[in-house]
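Just below is one structure, and these are the notes that go with it.
The values are calculated or read from the model by the stated rules, or taken from the named source; none is laboratory data. The structure displayed is predicted, hence computed values, not measured ones. Ideal geometry is used to build each Cβ from the backbone, glycine not excepted, and the neighbour counts take in all protein chains shown. Protein only, heavy atoms only, side chains kept; ligands, DNA and RNA dropped before computing areas. Shrake-Rupley method; radii C 1.70, N 1.55, O 1.52, S 1.80 Å.
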Amino acid sequence: MSLLALENLTVRFNTPDGVVRAVNGLSLELAPGATLGIVGESGSGKSQTALAVMGLLAGNAEVSGSVRYDGQELLGLPAGKMNALRGAEIGMIFQDPMTCLNPYLRIGPQMAEVLVQHRGLAWAAALDASAQMLDAVRVPDARARLRQYPHELSGGQRQRVMIAMTLLCHPKLLIADEPTTALDVTIQAQILDLLAGLRREMGLAILLITHDLGVVAELCDEALVMYAGQTMEQGPTRQLLGRATHPYTRGLLRSRPSAGLAANGPLQAIPGAPPDLSRLPPGCPFQPRCRYAEPVCSERMPQLQRDGDLRRACHLRPAD
Ligand code: SF4
């Protein structure tokens, strides 16, 4: 059975400028211990998907469809039960740990509080367990770190503290929203190594949200390419990176610095910009930017179709 299953998830926001359709009929499954990367440009609905799973959408959101965790429907779950799941069963880390760490509190009390609240540990035991978890995520001098404030740590150390805090209750599912975007490439590689190791050691399932296909390649068994709140292409990461046929996935692949910077040439980019989610075009949402668009593309949204190991939503036949 899947640990996490989304079925026809739809997220809309009522705003003064109209209804913003952030997620539009998204379905996916994540098995225990598996890793799935959701990749796409800013505004593709990746983060709103993660927030819908966590029950953390803004108050003006309307959500429908199904989000099942370990067989339990999360949409509509009472706040108390959702609170108990968050942290204990499902953990989430963000791009900027400073948005989650309290700058006025030392690291120790912030971490220990999690175990006191979720596991009922005594304060001293919670501090011991916090130090052990900092060791596990390879923060040097863990005991000393407990007495420091977030601003006294480097960016990489703060992200490790955030990961340690998230894993204190040994969740089965970790949602990582752009966990390495704010870090330099060396620290980014260390954090990805750490997540891969934690996955092996703790049997964690990881749902990774990123705009970077390279990060997906490092960490994820499966990849899902999202655009305008919908799945464009999905499948095993190796196959998706090696033989993607969807024009949007191919555009993302071409715009990676390593692929697009040949002989000091300019970085290739997908022309245009992601659509205004309150005014989505009819048919395929990628149509205004797609060099292969045909008349049918602006008339009908293509359905997800299987193509070998991959599934893709495009009117273009793979051999075209
Ligand atoms: Fe391009 Fe048409 Fe395929 Fe959309 S359906 S990606 S517009 S070819």
### Qualifying positions in the stretch 264-319 - small (Gly, Ala, Ser) and part of a loop (DSSP other than H, G, I, E, B)
GLY265, ALA269, GLY272, ALA273, SER278, GLY283, ALA293, GLY308, ALA319
### Summary
For strands (runs of 3 or more DSSP E) lying entirely in the stretch 6-105, having 1 or more residues that are on the phi > 0 side of the Ramachandran plot and open to solvent by 10 Å² or more (accessible area, probe 1.4 Å) picks out 18-30, 61-69
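Considering only residues of the stretch 274-320 that are aliphatic (A, V, I, L, M) and closer than 16 Å to GLN230 by Cα, which is farthest from the ligand (Cβ to nearest atom)?
Restricting to residues being aliphatic (A, V, I, L, M) and closer than 16 Å to GLN230 by Cα, the top hit is LEU277.
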### Count of residues meeting criterion [over 16 Å from GLY197 (Cα atoms) and crowded, with 22+ Cβ neighbours inside 10 Å] in the stretch 132-157
1
### Query
What is the one condition in (1) more than 16 Å from the ligand (Cβ to nearest atom); (2) at pLDDT 95 or above; (3) crowded, with 18+ Cβ neighbours inside 10 Å that LEU204 does not satisfy?
(2)
### Query
Quick one: how many residues across the stretch 151-177 are more than 24 Å from the chain's Cα centre (by Cα) and touching a residue at least 40 places away in the same chain (Cβ under 8 Å)?
2
### Query
Can we say THR245 is closer than 30 Å to SER2 by Cβ, open to solvent by 10 Å² or more (accessible area, probe 1.4 Å), at pLDDT 95 or above and within 16 Å of the ligand (Cβ to nearest atom)?
no
